[in-house]
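K.L.:
Sharing a structure below in structure tokens format, with a few things to ask.
The values are calculated or read from the model by the stated rules, or taken from the named source; none is laboratory data. A quick note: this is a predicted structure, and the numbers were derived from the prediction, not measured. No Cβ is skipped: glycine too gets one built from the backbone with ideal geometry, and neighbour counts run over all protein chains shown.
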Amino acid sequence: MMFASRMPCAQCGASVDRAAAEGHTCDPRRWLDFQLLASRTAVAAFDSDLREFLAGKDGRFEMWLAPRGFPSVVEVRALAVLTTDVRYGVPAGR
């Protein structure tokens, strides 16, 4: 049986009165539990995804770079994205 006067909070899953939904504040522990539950598929797949990545050419290259003190390709790409003005494709600040 569903209760039309109550609804689940989209952030923490708590059952809240519809009338009081806007004033609802998520309990941090409940929020964390709910977020972990929502991401359990991704967490469960992490080991196999990492193993698959490391077995490929990009992963082998990352493992070669790591002990030599070079930044990873992923870090370099992220830095390039952060320092590029996406509107013009040029370094930021120019």
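K.L.:
Helices (runs of 4 or more DSSP H) wholly in the chain with at least 3 residues that are modelled with pLDDT of 85 or more - which ones?
P.N.:
28-38, 40-55, 57-65
K.L.:
Could you please let me know if Gly56 is small (Gly, Ala, Ser) and either surrounded by fewer than 12 Cβ atoms within 10 Å (Cβ to Cβ) or closer than 30 Å to Val76 by Cα (or both)?
P.N.:
yes
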